[in-house]
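Quick notes on the structure that follows.
The values are calculated or read from the model by the stated rules, or taken from the named source; none is laboratory data. Bear in mind the structure is a predicted one, so any value in this text is a computation, not a measurement. All Cβ positions, glycine included, derive from the backbone under ideal geometry; neighbour counts span all protein chains shown.
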Amino acid sequence: MILDSIGDWTRKYYSENITPELDGKEVTLFGWVQEIRDLGGIRFIILQDREGTIQVTIPRKKVSPEVLSKSEALQKRYSIGVKGIIKKTIMTPRGVEVIPNQIKILGGATAQLPIDITGNTPANIDVRLDSRALDLCIEPNTTIFKIQHHALEAIRSFLFERGFLEVHTPRIIASASEGGSALFNVDYFGRKAFLAQSPQLYKEQLVMSLEKVFEVGPFFRAEESHTRRHLSEFVSIDIEQAFADAKVVMHLLEQLMQHTCKIVKETCAKELATLNHEIVVPNLPFKRLTYDEVLNDLKEEGITLPWGDDIPTQAFRTLGRIHPYFYYITEWPTESKVFYIKPRTDKPEICEGFDLMWGWMELVSGGTRIAKKELLVKRLRENGLNQESFKYHLEAFDYGMPPHAGWAIGLERLTMMLTGRKNIREVTLYPRDRFRLTP
């Protein structure tokens, strides 16, 4: 098949911009063939672009032989250009169609597609991910990432307005950010290095100069868990603030969540309708439960956990039924949190860490950080971490480290909440987990 050149054709309108009010106007459209319906004397092409679909109507006796020939050569997923006249009609749901006077075939496609691009015949998640480039062309899947885009835009603007500076920290590091074994090793010119689990140590150092920083970027954990909410590569939204504690950044966080829900609800009405999902803008302040209160709630439901234990998934699911929306869990046992979370001065067995939950799922983790070098060294030892590996980070505490606090949001989990999706792989463009390295 010989493909056409795009030539000097340019787009002025997307499909959603074509309205009955433009009746009689010439338009140039680009997109992909989603469906073809042939009724003998008339042919219908459903053209899909980023913003939706438009019907291209081809009356056999009223179009040129060249247009008719091009239309007969089309197959699903061909990328095409259409130049034609907008026509008001009562025959389409949107009351409008385009009658073409030129068609350009710009890209071909295989006759047997691996998944149904109309979405009428759903495929399981693994089949979809094996053909992810095509799967992402299905409207509800495209919609997910439009919502994610608007959520990120809302988050960035919120933080900018409150004086936070966006930063970019290394992804190849010499020591673990959070300890533990969930690290990917990297051969760095013959030296052992790791892919960063988080920007934690760097953002702590940056509060010494920039005071209020945030970062949006990918991070990596050799995550053994293969669940609907875990990934090996994920996007984290991190903030760190000087001269602040957990209470300050918790207040900031709940304001951010309220703002993000409000903006997405207002700007993504069409997308949310496509997903049949409703966002409820939360009231402030969010409910705050201590770790002890959570254990008591679980005990009343017949689940008894020893004090100091982490909370398992099934227990979290029970909590989600009791507390179905946003709530904080505070006053965690110090030993259950990472080494840099500050223990309470009056009760060292409890720390100033917190998790923001949405139902049963953890969305955000954060807290007051340790700002005293001696205490940080003590916590490193208690966690079995090599002090020498954190040499350069510890040196920063000799240069006037202020009290500081911060948190990290998992973007994919936030997107699950905003879209109502149940599997984190659905809200990740090209997910990476224990079993998936391609595509």
Quick check: anything in the stretch 271-278 among the polar types (S, T, N, Q), in contact with a Gly (Cβ under 9 Å, 6 or more places away or on another chain) and part of a loop (DSSP other than H, G, I, E, B)?
-> yes
Got at least one residue in the stretch 372-393 being assigned by TED's automatic domain parsing to the domain that holds Glu233 and in contact with a His (Cβ under 9 Å, 6 or more places away or on another chain)?
-> yes
Can you give me the ranges of the helices (runs of 4 or more DSSP H) entirely in the stretch 347-434 with at least 3 residues that are free of Cβ contacts under 8 Å to residues at least 40 places away in the same chain and hydrophobic (A, V, I, L, M, F, W, C)?
-> 373-382
All-but-one check, Ala222 against (1) within 29 Å of Leu289 (Cα to Cα); (2) surrounded by fewer than 17 Cβ atoms within 10 Å (Cβ to Cβ); (3) not hydroxyl-bearing (Ser, Thr, Tyr), failing number (1)
State all residues of the stretch 338-354 that are surrounded by 22 or more Cβ atoms within 10 Å (Cβ to Cβ) and not aromatic (Phe, Trp, Tyr); if no residue qualifies, say none.
-> Ile341, Lys342, Cys351, Glu352, Gly353
Exactly one of Thr330, Thr260, Thr267 is surrounded by fewer than 20 Cβ atoms within 10 Å (Cβ to Cβ), among the polar types (S, T, N, Q) and touching a residue at least 40 places away in the same chain (Cβ under 8 Å), and that residue is Thr267
Output the number of the condition that His150 fails; it satisfies all remaining conditions of (1) farther than 30 Å from Leu272 by Cβ; (2) assigned by TED's automatic domain parsing to the domain that holds Glu215.
-> (1)
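Per-residue answers, yes or no, for (1) free of Cβ contacts under 8 Å to residues at least 24 places away in the same chain; (2) in a loop (DSSP other than H, G, I, E, B):
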{"site": "Thr121", "(1), (2)": "yes, yes"}
{"site": "Arg128", "(1), (2)": "yes, no"}
{"site": "Ile144", "(1), (2)": "no, no"}
{"site": "Ile155", "(1), (2)": "no, no"}
{"site": "Leu159", "(1), (2)": "no, no"}
{"site": "His168", "(1), (2)": "no, yes"}
{"site": "Ser175", "(1), (2)": "no, yes"}
{"site": "Gln205", "(1), (2)": "no, no"}
{"site": "Glu215", "(1), (2)": "no, no"}
Considering the stretch 20-51, residues that are under 32 Å from the mean Cα position of the chain (by Cα) and part of a loop (DSSP other than H, G, I, E, B), and then whichever is surrounded by the most Cβ atoms within 10 Å (Cβ to Cβ), we arrive at Glu51
May I ask you to verify whether Lys287 is over 30 Å from Tyr202 (Cα atoms), in contact with a strand residue (DSSP E or B) (Cβ under 7 Å, 6 or more places away or on another chain) and among the basic types (Lys, Arg)?
-> yes
The stretch 175-209, subset modelled with pLDDT of 90 or more, small (Gly, Ala, Ser) and under 23 Å from the mean Cα position of the chain (by Cα), residue surrounded by the fewest Cβ atoms within 10 Å (Cβ to Cβ) = Ser198
Given (1) within 32 Å of the chain's Cα centre (by Cα); (2) farther than 20 Å from Trp307 by Cα; (3) of a type outside the set (Gly, Ala, Ser); (4) modelled with pLDDT of 95 or more, where does Lys378 come up short, assuming only one miss?
-> (1)
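A quick yes/no check of all residues on (1) within 23 Å of Arg432 (Cβ to Cβ); (2) of a type in the set (S, T, N, Q):
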position: Arg162; (1), (2): no, no
position: Ile172; (1), (2): yes, no
position: Gly190; (1), (2): no, no
position: Arg229; (1), (2): yes, no
position: Glu233; (1), (2): yes, no
position: Ser236; (1), (2): yes, yes
Which one is farthest from Ile36 (Cα to Cα) among residues in the stretch 69-88 that are surrounded by fewer than 15 Cβ atoms within 10 Å (Cβ to Cβ) and among the polar types (S, T, N, Q)?
-> Ser69
Based on what the data block shows, is Leu165 crowded, with 17+ Cβ neighbours inside 10 Å and in the same structural domain as Arg288 (by TED's automatic domain parsing)?
-> no
Do we have any residue at all in the stretch 8-20 that's farther than 29 Å from Ala133 by Cβ and not assigned by TED's automatic domain parsing to the domain that holds Lys146?
-> yes
Among the candidates Leu152, Leu183, Leu129, Leu159, single out the residue that is in contact with a strand residue (DSSP E or B) (Cβ under 8 Å, 6 or more places away or on another chain) and farther than 29 Å from Ser225 by Cα.
-> Leu159
